[in-house]
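One structure, as structure tokens, below. Some questions next.
The values are calculated or read from the model by the stated rules, or taken from the named source; none is laboratory data. As the structure is a computational prediction, the values presented were derived from the model and not from experiment. With ideal geometry, Cβ positions are generated from the backbone for all residues, glycine too; neighbour counts draw on all protein chains shown.
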Amino acid sequence: MIAPNETYRIDERLRRLNELGFDVEEVELLTVDGGYRLRLPTRVVEAGHHRRRLLSLTGLDVGENQARRLLNDIARYRAELEAAEGRSLPDSVVGYRWRAEVFEPAVAAIPPDLHAKREPAELFHELLNHRWYRSEAAGHDLGMADAVASFSQQVLPEVPDERATIGSSS
């Protein structure tokens, strides 16, 4: 059972399944007394599947590993959204709402002087990992706003810029 304030545990289970070579396209949260029970239908997928799926859902064109992680977040978001609304939602609606309500606001909340550190999808990917580690250490979900603040103050200032400037020379 997953308590309402332990949604980071969904990420934990998705990461473990991915490590074992499985993909989860749909996460179902079943309401039970005191929390949720997680249902994860799994399958093995072909190379490039995650990248193509994320592109079709959100318009984001990223690498396979980033796509897998972002799709896991979309699946978690979908489960919470459908549980809150009490109905299933089409993929296109979930993809659009995730990008508009989760991805874009999180990236926009990073201070402008730190945006050059990473491309937006990589920034969000690292932000998800940061949120998961902090939530796991705290024993409850700290949420995206806390993760953005912590990541912006403690992590990003210390990492080198990964974006290359065209025309720069040493």
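Here are some residues: A145, A109. Which one is in contact with a helix residue (DSSP H, G or I) (Cβ under 6 Å, 6 or more places away or on another chain), modelled with pLDDT of 90 or more and surrounded by fewer than 17 Cβ atoms within 10 Å (Cβ to Cβ)? Outline the logic, then answer.
Working: A145 fails: in contact with a helix residue (DSSP H, G or I) (Cβ under 6 Å, 6 or more places away or on another chain).
Going through A145, A109 in turn, just one is in contact with a helix residue (DSSP H, G or I) (Cβ under 6 Å, 6 or more places away or on another chain), modelled with pLDDT of 90 or more and surrounded by fewer than 17 Cβ atoms within 10 Å (Cβ to Cβ): A109.
Could you check how many residues of segment 120-141 are surrounded by 20 or more Cβ atoms within 10 Å (Cβ to Cβ) and charged (D, E, K, R)?
Residues that pass the stated criteria total 2.
Every residue in segment 140-154 that is under 16 Å from the mean Cα position of the chain (by Cα) and either of a type in the set (A, V, I, L, M) or not in a helix (DSSP H, G or I) (or both), please. Give the steps one after another, and end with the answer.
So the first thing to find is which residues in segment 140-154 are under 16 Å from the mean Cα position of the chain (by Cα), and the list is 141-148, 151.
Matches in segment 140-154: D141, L142, M144, A145, A147, V148.
What are the residues in segment 78-94 that are modelled with pLDDT of 90 or more and under 12 Å from the mean Cα position of the chain (by Cα), if any?
The answer is none; no residue qualifies.
Tell me, which residue of segment 85-101 that is of a type in the set (A, V, I, L, M) and under 12 Å from A75 (Cα atoms) is surrounded by the fewest Cβ atoms within 10 Å (Cβ to Cβ)? Before the answer, list the steps.
Filtering segment 85-101 down to residues of a type in the set (A, V, I, L, M) leaves 89, 93-94, 100.
With the extra rule that they be under 12 Å from A75 (Cα atoms), the set shrinks to 89, 94.
Values: L89: 13, V94: 20.
Once the filter is applied, the top-ranked residue is L89.
How many residues does segment 18-71 contain that are at pLDDT 70 or above and closer than 22 Å to R134 by Cβ?
Counting residues in segment 18-71 that are at pLDDT 70 or above and closer than 22 Å to R134 by Cβ gives 6.
Looking at (1) assigned to a helix (DSSP H, G or I); (2) under 23 Å from D161 (Cβ atoms); (3) without any contact (Cβ under 8 Å) to a residue 60 or more places away in the chain, which is the one condition that is false for I110?
Looking at each condition in turn, I110 falls short on (1).
Mind checking which residues of segment 118-130 are over 16 Å from A149 (Cβ atoms) and part of a helix (DSSP H, G or I)? Step through it out loud before you land on a result.
Step one: of segment 118-130, the residues over 16 Å from A149 (Cβ atoms) are 118-122, 125.
Listed by number, the residues that qualify are P120, A121, E122, H125.
Scanning for something within 14 Å of the chain's Cα centre (by Cα) and of a type in the set (V, I, T), does segment 109-131 turn up at least one residue?
Going residue by residue through segment 109-131, those that are within 14 Å of the chain's Cα centre (by Cα) are 120-131.
If we keep only those that are of a type in the set (V, I, T) too, we end up with none.
No, because not a single residue in segment 109-131 is within 14 Å of the chain's Cα centre (by Cα) and of a type in the set (V, I, T).
Please enumerate the residues belonging to segment 58-98 that are in contact with a Phe, Trp or Tyr (Cβ under 8 Å, 6 or more places away or on another chain), in a helix (DSSP H, G or I), in contact (Cβ under 8 Å) with a residue 40 or more places away in the chain and over 20 Å from R15 (Cα atoms).
Those that are in contact with a Phe, Trp or Tyr (Cβ under 8 Å, 6 or more places away or on another chain), in a helix (DSSP H, G or I), in contact (Cβ under 8 Å) with a residue 40 or more places away in the chain and over 20 Å from R15 (Cα atoms): T58, A83.
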